[in-house]
Amino acid sequence: MLDGVRAQGQQIWNALEPESRRRIARHLRPIWDVHRFRAAPQIEAILERKLADGSRELLRARLGGADRVEGGFAVELLDRRRGVAIPRRVERVIVATGPGTSISSAPSRI
């Protein structure tokens, strides 16, 4: 389905009224940003292998906060679907909000 949207995306966008564009950007941008890019097959294979062997974890969550600690960061991930906060210790925090997205709302404790 997204392949069709990718092929006709500019044409569809240009046909929309400004208010429709704002509404789409506000509500669908997070979903679009996740699905519009594809990983290279080699990267996807590595990720699948690491997920299968348990050396990586894939969570759908928002960053609630982060503090520097020895060896990296103590982060709090917010799982809105389950309504829980998930604490993790990580070596790195990578901001991957996509082009044109402000990180001004990111936690300032880092």
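The values are calculated or read from the model by the stated rules, or taken from the named source; none is laboratory data. Computed from a predicted structure; not experimentally measured. Cβ placement follows ideal geometry from the backbone for every residue including glycine, while neighbour counts extend to all protein chains displayed.
Mind listing whichever residues of segment 1-27 are modelled with pLDDT under 80 and either assigned to a helix (DSSP H, G or I) or acidic (D, E) (or both)? Steps first, answer last, please.
Restricting attention to segment 1-27, the residues satisfying the condition of being modelled with pLDDT under 80 are 1-7, 9.
Within segment 1-27, L2, D3, G4, V5, R6, A7, G9 meet the criteria.
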Residue under evaluation A39, criteria (1) modelled with pLDDT under 85; (2) in a loop (DSSP other than H, G, I, E, B); (3) loosely packed, with under 10 Cβ neighbours inside 10 Å, criterion not met
(3)
Would you confirm whether any residue within segment 53-64 is assigned to a helix (DSSP H, G or I), out of contact with any Cys (no Cβ under 6 Å at 6 or more places or on another chain) and over 30 Å from A7 (Cβ atoms)?
yes
For segment 7-60, which positions are touching a residue at least 24 places away in the same chain (Cβ under 8 Å) and of a type in the set (A, V, I, L, M, F, W, C)?
L59
Note down all Cβ pairs under 6 Å where the first residue falls in segment 61-74 and is surrounded by 11 or more Cβ atoms within 10 Å (Cβ to Cβ), the second is among the acidic types (D, E), and they're at least six residues apart or on different chains.
A61/D79; G64/E76; G65/E76; G72/E91; A74/D67
